[in-house]
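Beneath this line is the structure, given in structure tokens, with notes to follow.
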Amino acid sequence: MKMNGLLKLPIALLACVLAFSCSKSGKDYKNSSRATGWKFGDKQGGFQPNTNYQEQETGPGLVFIEGGTFTMGRVQDDVMHDWNNTPNQQHVQSFYMDETEVTNLMYLEYLDWLKRVYPPIEANYKNIYKGALPDTLVWRNRLGFNEVMTNNYLRHPAYANYPVVGVNWIQANAFSKWRTDRNNERILLEESVIAKDAPSQASAGNTFNTETYLNAPTQVYGGNTEITQGGKSSSKNAKKNDSTGLYIQRKDGLLMPQYRLPTEVEWEYAAIGLVGIRTYNIYRGRKKYPWDGQYTRSGKRKTRGDQLANFKQSDGDYGGIAGWSDDGADITAEVKNYEPNPFGLYDMSGNVSEWVADVYRPIVDDEFNDFNYYRGNVYTKNAINEDGTVKVVTIDSIVFDTLSNGKIVARDLPGEIVQTELTDDETYLRTNFSKSDNRNFRDGDRSSTRYYESFGFEDDQDGQSENDSRRMYNSPIHSVTADSTGQIARSYDESRTRTTLIDDNVRVYKGGSWKDREYWLDPAQRRYFPQDMSTDYIGFRNAMSRVGSKSLKGKDKRPTHTKN
């Protein structure tokens with residue numbers, strides 16, 4: 001035995017010698033390029049990547065959702081026979097999602113910022129603030145007394161942590177853009193990149209926008225370089241004459257991706273929370289709710305009989321009999337009032353339904369794509385001035401859109417980059433897309449209408465077919481116009497030949513609400529509503545894409561397999 005130990009010693013020494021000789025003969029590329037051999041940051045080479053990047057920071061209010069595969073659609077009986085959510089296999093990339101719905105308090109912060117930066121008392125800005133206001137009249141019912149919610153729900157502190165409602169899909173997206181910019185501005189402030197008084201100097205022509213900062217940093221804050229270069233970090237780099245260090249760039253990995261509405265497949269994947277019942281990719285049954293089990297009441301000893309969500313239990317029963325068995329809410333409930341699902345998300349069933357990003361169609365076209373599925377892509381590019389600089393929205397170039405209900409909203413705010421459609425040159429011979437607007441791709445086009453004839457369609461100069469009324473999604477076309485005095489004129493499409501309410505401006509909303517029966521609590525359920533209209537039962541929450549690895553570093557190890 002002792003001889004064996006002595007033999008092992010020379011072998012170990014030989015291995016050390018070989019390792020040393022290899023390291024001497026080879027080159028350590030830890031701090032140098034594997035492509036060229038140049039040292040990173042070398043004065044002669046010049047290239048300096050971020051070699052210290054760890055992983056994406058989790059934004060305020062968000063929780064990490066590790067991506068994976070799941071069966072999208074109903075796994076229970078379709079008693080309504082909608083046939084719009086038949087099961088199909090999908091894969092979702094990792095992302096982040098708000099642990100709760102966006103609350104009144106969160107939305108009031110947004111309104112307060114708009115009111116300070118774009119005072120509604122000034123004629124040029126009044127529609128910016130008014131266009132962002134939730135519709136508090138959604139609470140009114142012709143045979144119900146709901147004025148207490150109409151007058152108090154949005155602003156009274158008693159409802160501060162309740163989900164915001166009365167917000168349409170367009171307003172939800174505008175809030176998401178604002179949230180992105182405010183978070184990234186905070187990061188630059190904490191990193192001493194911008195002047196410490198930058199937020200207090202915000203005004204109509206002096207604001208921060210993430211994409212403008214990344215693409216044209218000298219045009220942020222109205223071109224005031226004293227703000228963008230006023231931080232300690234920028235000043236330090238300026239003294240070194242390091243012009244590339246004056247601004248944070250995308251390659252630095254410091255700024256967050258955008259807050260946005262989740263796609264339908266992301267929302268449903270996050271809501272069902274299969275991560276809580278998986279073992280070696282084998283599912284222990286078909287999951288019906290965000291929680292485990294087939295019932296809406298808790299089976300745990302301490303909470304047995306308590307409702308697990310806020311929903312309408314039967315006709316005239318929005319909460320139950322007063323007392324311990326009541327679900328604690330008749331309208332919406334304060335967020336985090338019920339237990340979260342396995343991902344740590346609250347109220348993915350009940351409380352309020354939620355807007356998602358997708359345009360509604362009766363089918364999910366999984367035959368064409370089953371990876372990060374999303375219907376609603378409208379590809380754009382930054383508009384460029386004649387001098388080659390990006391075109392930024394100014395105070396005098398704000399574009400306002402009049403929605404179908406007469407509400408006026410700002411398309412973009414000052415400081416944002418103007419977006420324009422892609423040209424034919426940019427889509428020529430592409431195999432992945434051929435036009436900017438892909439909302440109706442493979443659905444509702446000529447070849448998919450039941451009246452299709454290969455030689456039966458002739459387009460006029462506007463590109464409209466003479467048989468346009470025969471299209472698959474023949475939705476009503478209402479008209480809202482404004483005269484020179486700003487007076488709004490509304491007209492209704494009263495044609496009796498209209499066949500559907502579906503068009504490219506109708507969006508999906510998911511999840512049951514306080515106003516829905518138990519049937520709609522299934523995360524697979526999908527309904528639709530016009531994107532410019534709002535209700536007292538639809539709210540929203542934000543998501544954020546994950547960049548980099550699929551899993552968080554230091555994730556839990558897989559469970560150990562035990563024999564029965």
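Here the condition is being farther than 24 Å from Ile170 by Cα and open to solvent by 70 Å² or more (accessible area, probe 1.4 Å); of Asn369, Asn341, Asn337, it holds for Asn337 alone. Listed by first and then second residue, the pairs linking a residue in segment 544-555 that is of a type in the set (S, T, N, Q) and open to solvent by less than 60 Å² (accessible area, probe 1.4 Å) to a residue that is at pLDDT 90 or above and not in a loop (DSSP other than H, G, I, E, B), with Cβ atoms under 6 Å apart and 6 or more places separating them unless they lie on different chains, are Ser545/Phe95. Counting only residues that are over 29 Å from Arg74 (Cβ atoms), part of a loop (DSSP other than H, G, I, E, B) and touching a residue at least 40 places away in the same chain (Cβ under 8 Å), segment 365-390 holds 2 of them. The single residue among Thr100, Thr136 that is more than 23 Å from Leu403 (Cα to Cα) and either open to solvent by 80 Å² or more (accessible area, probe 1.4 Å) or among the β-branched types (Val, Ile, Thr) (or both) turns out to be Thr100. Checking the structure you have, find out if any residue of segment 292-304 is open to solvent by 40 Å² or more (accessible area, probe 1.4 Å), outside any loop (DSSP other than H, G, I, E, B) and without any contact (Cβ under 8 Å) to a residue 40 or more places away in the chain. The answer is yes, given that some residue of segment 292-304 is open to solvent by 40 Å² or more (accessible area, probe 1.4 Å), outside any loop (DSSP other than H, G, I, E, B) and without any contact (Cβ under 8 Å) to a residue 40 or more places away in the chain.
If you go through segment 412-430 and pick out every residue that is open to solvent by 70 Å² or more (accessible area, probe 1.4 Å), in contact (Cβ under 8 Å) with a residue 12 or more places away in the chain and assigned to a loop (DSSP other than H, G, I, E, B), you end up with 0.
Of all residue pairs spaced 6 or more apart or on separate chains, those with beta-carbon atoms under 7 Å, a first member in segment 153-169 that is at pLDDT 95 or above and a second member that is open to solvent by 20 Å² or more (accessible area, probe 1.4 Å) and among the hydroxyl-bearing types (Ser, Thr, Tyr) are Tyr153/Thr136; Tyr153/Tyr159; Leu154/Thr136; Val165/Tyr537; Gly166/Thr136; Gly166/Ser534; Val167/Ser534; Asn168/Ser534. The residue that is most open to solvent (accessible area, probe 1.4 Å), among those in segment 32-69 that are in a strand (DSSP E or B) and at pLDDT 90 or above, is Thr69. Consider segment 495-507 and keep the residues that are in contact with an Asp or Glu (Cβ under 9 Å, 6 or more places away or on another chain) and more than 14 Å from Asp443 (Cβ to Cβ). The one that is modelled with the highest pLDDT is Arg507.
Taken residue by residue, segment 510-525 has no member that is surrounded by fewer than 20 Cβ atoms within 10 Å (Cβ to Cβ), at pLDDT 95 or above and touching a helix residue (DSSP H, G or I) at 6+ places or on another chain (Cβ under 6 Å).
Every test in (1) under 21 Å from Asn215 (Cβ atoms); (2) not acidic (Asp, Glu); (3) not in a loop (DSSP other than H, G, I, E, B) is passed by Val409 save one, and that test is (1). Residues that are open to solvent by 80 Å² or more (accessible area, probe 1.4 Å) and of a type in the set (S, T, N, Q) were ranked within segment 72-93; the one that is farthest from Ser545 (Cα to Cα) is Gln89. Of all residues in segment 129-145, those that are touching a residue at least 40 places away in the same chain (Cβ under 8 Å) and not in a helix (DSSP H, G or I) total 2.
Within segment 146-156, if we keep just the residues that are assigned to a loop (DSSP other than H, G, I, E, B) and open to solvent by less than 30 Å² (accessible area, probe 1.4 Å), the residue that is nearest to Glu109 (Cα to Cα) turns out to be Leu154.
Of all residue pairs spaced 6 or more apart or on separate chains, those with beta-carbon atoms under 9 Å, a first member in segment 482-493 that is farther than 17 Å from Val409 by Cα and open to solvent by 100 Å² or more (accessible area, probe 1.4 Å) and a second member that is of a type in the set (Gly, Ala, Ser) and at pLDDT 75 or above are Tyr492/Ser479. When Val390 is tested against (1) open to solvent by less than 50 Å² (accessible area, probe 1.4 Å); (2) touching an Asp or Glu at 6+ places or on another chain (Cβ under 8 Å); (3) not basic (Lys, Arg), exactly one condition is not met: (2).
Candidates Lys177, Lys196: the one that is open to solvent by 10 Å² or more (accessible area, probe 1.4 Å) and part of a loop (DSSP other than H, G, I, E, B) is Lys196. All conditions in (1) open to solvent by 30 Å² or more (accessible area, probe 1.4 Å); (2) in a loop (DSSP other than H, G, I, E, B); (3) of a type in the set (Asp, Glu) hold for Asp347, with the sole exception of (1).
Asn52 passes every criterion in (1) closer than 23 Å to Asp370 by Cα; (2) free of Cβ contacts under 8 Å to residues at least 40 places away in the same chain apart from (1).
Please indicate, with yes or no, whether at least one residue in segment 350-364 is open to solvent by 50 Å² or more (accessible area, probe 1.4 Å), assigned to a loop (DSSP other than H, G, I, E, B) and at pLDDT 90 or above. No, segment 350-364 contains no residue that is open to solvent by 50 Å² or more (accessible area, probe 1.4 Å), assigned to a loop (DSSP other than H, G, I, E, B) and at pLDDT 90 or above.
The values are calculated or read from the model by the stated rules, or taken from the named source; none is laboratory data. Just so it is clear, the model here is predicted, and its values are computed rather than measured. For neighbour counting, all protein chains shown are included, and Cβ atoms are generated from backbone atoms with ideal geometry for every residue, glycine included. Accessible surface is based on the protein model in full, side chains and every heavy atom, while ligands, DNA and RNA are left aside. Shrake-Rupley method; radii C 1.70, N 1.55, O 1.52, S 1.80 Å.
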